[in-house]
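One structure is given below, encoded as structure tokens.
The values are calculated or read from the model by the stated rules, or taken from the named source; none is laboratory data. Computed from a predicted model, the values in this text were never measured in an experiment. Cβ placement follows ideal geometry from the backbone for every residue including glycine, while neighbour counts extend to all protein chains displayed.
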Amino acid sequence: FHRDRLSICSEALAGTRARGGSELLDLNIEQDLLSSAKDHNEFAIVRECIRRRLEAVCSSVIIEPKKAIRKFTRVQHLYARLRGRLQAEDDEFKILSSVHPTPAVCGYPTEDARAL
């Protein structure tokens, strides 16, 4: 996450595909990722979990874009950016521990997954 005084920003990333060896293959893989019901469901769980956790420490939360593709050198993911306005000047550790780990890292439901 990133914080600037009372503004906070986090990202939801889930669903992973390799990058294509050509622009056309890369776009085909992107479309496959965007249309995958399985990946959409996993992404929605991660995005909504982060949203709920941010709402616990923020007075407002905005999700933009709702679902897009974030491309890295070798992989691409479903992506959303979440921005919020913190209710108080809490320290970073308290804020970070309220949003992490996400289901993408730890599983869902998080507490059950952590117990494994």
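So, in segment 21-31, of the ones that are out of contact with any strand residue (DSSP E or B) (no Cβ under 7 Å at 6 or more places or on another chain) and modelled with pLDDT of 95 or more, which residue ends up farthest from Ile63 (Cα to Cα)?
Here is the first cut: in segment 21-31, the ones out of contact with any strand residue (DSSP E or B) (no Cβ under 7 Å at 6 or more places or on another chain) are 21-28, 31.
Those still in the list that are modelled with pLDDT of 95 or more too: 22-28, 31.
Working: Ser22: 31, Glu23: 28, Leu24: 29, Leu25: 29, Asp26: 26, Leu27: 24, Asn28: 26, Gln31: 21 Å.
Result: Ser22.
Among the residues of segment 26-51, write down those that are over 16 Å from Arg70 (Cα atoms) and either of a type in the set (Lys, Arg) or surrounded by fewer than 16 Cβ atoms within 10 Å (Cβ to Cβ) (or both). Working first, answer last.
Keep residues of segment 26-51 that are over 16 Å from Arg70 (Cα atoms), which gives 37-38, 41, 45, 48-51.
Hits for segment 26-51 are Ala37, Lys38, Asn41, Glu48, Arg51.
Could you check segment 1-86 for strands (runs of 3 or more DSSP E) lying wholly inside it with 3 or more residues that are closer than 16 Å to Thr102 by Cα and touching a Lys or Arg at 6+ places or on another chain (Cβ under 6 Å)?
Where strands (runs of 3 or more DSSP E) fall fully within segment 1-86 and carry at least 3 residues being closer than 16 Å to Thr102 by Cα and touching a Lys or Arg at 6+ places or on another chain (Cβ under 6 Å), they are 7-18, 75-86.
Checking Ala104 against (1) farther than 30 Å from Leu25 by Cβ; (2) at pLDDT below 95; (3) hydrophobic (A, V, I, L, M, F, W, C), which test does it fail?
(1)
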